[in-house]
1. State to the nearest 20 debye the size of the charge dipole of the range 110-244 about its Cα centre, where the only charges are +1 on K and R beta carbons and -1 on D and E beta carbons.
2. Tilt of helix 66-79 relative to the longest C-alpha principal axis of the chain, in degrees (0 to 90, nearest 10)?
3. What pairs in Lys160/Lys249; Lys12/Lys109; Lys101/Lys211; Lys101/Lys160; Lys109/Lys160; Lys109/Lys249 have C-alpha atoms more than 22 Å from each other?
4. Scaled to the compact-protein estimate 2.2 N^0.38 Å, what is the alpha-carbon radius of gyration of the chain, rounded to two decimal places?
5. Full-extension gain between Leu24 and Phe44, please, as 0.36 nm times their residue separation minus the C-alpha to C-alpha distance.
6. Pull up all non-local amide H partners of Asn17: gap of 5 or more, or a different chain, and H-to-H distance under 5 Å with H placed in the peptide plane.
7. Please find the FRET efficiency linking Ser91 to Phe34, where r is the Cβ-Cβ separation and R0 is fixed at 25 Å, and quote it to the nearest 0.05.
8. Which aspartates and glutamates have a Cα less than 17 Å from the Cα of Lys136, not counting those fewer than 8 places away in the same chain?
Amino acid sequence: MQNWLQLSMPPKDISTNGHLIDSLWNYTTMLCIFYFVLVCIGLFGFSYLYSRKRNKTPYYTYGNKKQHLLFTAIIGAAVFLTIDLNITRISNNDLLEQFWKWPNPATEKVLRVEVMGQQWMWSFRYAGPDNEFNTKDDVITNNDLRVPVNTKVLFHLTAKDVIHSFFVPNVRLKVDTIPGRITRVWWEVKEPGEYDIACAEMCGTHHYLMKARLTVYSEEDFNRWLATSEQLAMNTNDPDDTNLAWGWKWEN
Ligand SMILES: [Cu+2]
C-alpha cells in the first residue's frame, strides 16, 4: 500500500553510488531538524521564562554584550562547521572517489550512449556494430533507454534547443544537457526492471511531457535486444533522414 509517507520518500535506489547521495541528503535533513528543534526550544523556552507573568519589571537588552556576541558566534560557527563545511567535505570526497572516476572504454567493459535532449523528448544513440558514433548503423531510440544490469554505462549528453536536465530518480542522478556543450555522467545499476526518466529543467510549455523509459535488462537480454536493433538499424536507417543525424564523434 502506498501511503503519504512512502509517496514522499525517494524511489528505490537501484545504483551502486546512489547511497552516497541518500546519506548526504539524510545527514543534511537530520541536522536541519536538530537545529530547528534547538531554535524552537530557545524561542518558546525564553518566551516562557521571560513572560510578563513571571517578570513584573521589564528588562531591556540589545543583545550586544560580549557574552551575547560570543554565544551567537558559537551557534553560527557550529551550524557552519557541522552542516555547510561538512557536506562540502563529504560531497567533495564522493566526487573524487566515485563520481569522477570515469570508466575507461579502452581498458574495461563500458557501454557508451549519446543522449540528446530536445523540446520535448529524449533521444539515445548506441554506436552499433562498427563501434563508431554518428554512422549509418547506429541504434537510435526515442524516449526509450535500455541498458544491461551490473555494467558501467557512460553517457555523453547535449541538447538541441534549450537547457534540459537528464534526471533518473532511481539512480539518484541528474545532469544538465546544454546546447553547444557535451556533459557526461556514468552509472552502474544493480536491478533489472523498468524505471522513469524525466527532464528536471523547466524547458517550455510541454516540459511535463518530457519523460522517457529506462529498461534495465540482464546481460543476455540486453545483448539480444541490441543485436536485433542493430540489424534493424542497418536495414532501415536512412542516411538522408536529417532527424537521425544528430549524433557526433565520441571523444574520451
Ligand atoms: Cu526538457
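Values in this text are rule-based calculations from the coordinates and carry no lab data. As the structure is a prediction and not an experimental result, all values here were calculated from the model. We place every Cβ from the backbone using ideal geometry, glycine too, and count neighbours over all the protein chains shown.
1. 540
2. 20
3. Over 22 Å Cα-Cα: Lys12/Lys109; Lys101/Lys211; Lys101/Lys160; Lys109/Lys160.
4. 1.42
5. Full extension of this stretch gives 4.2 nm more.
6. HN-HN under 5 Å from Asn17: Glu188.
7. 0.80
8. By straight Cα distance, Lys136 reaches Glu114, Glu230, Asp238, Asp240, Asp241.
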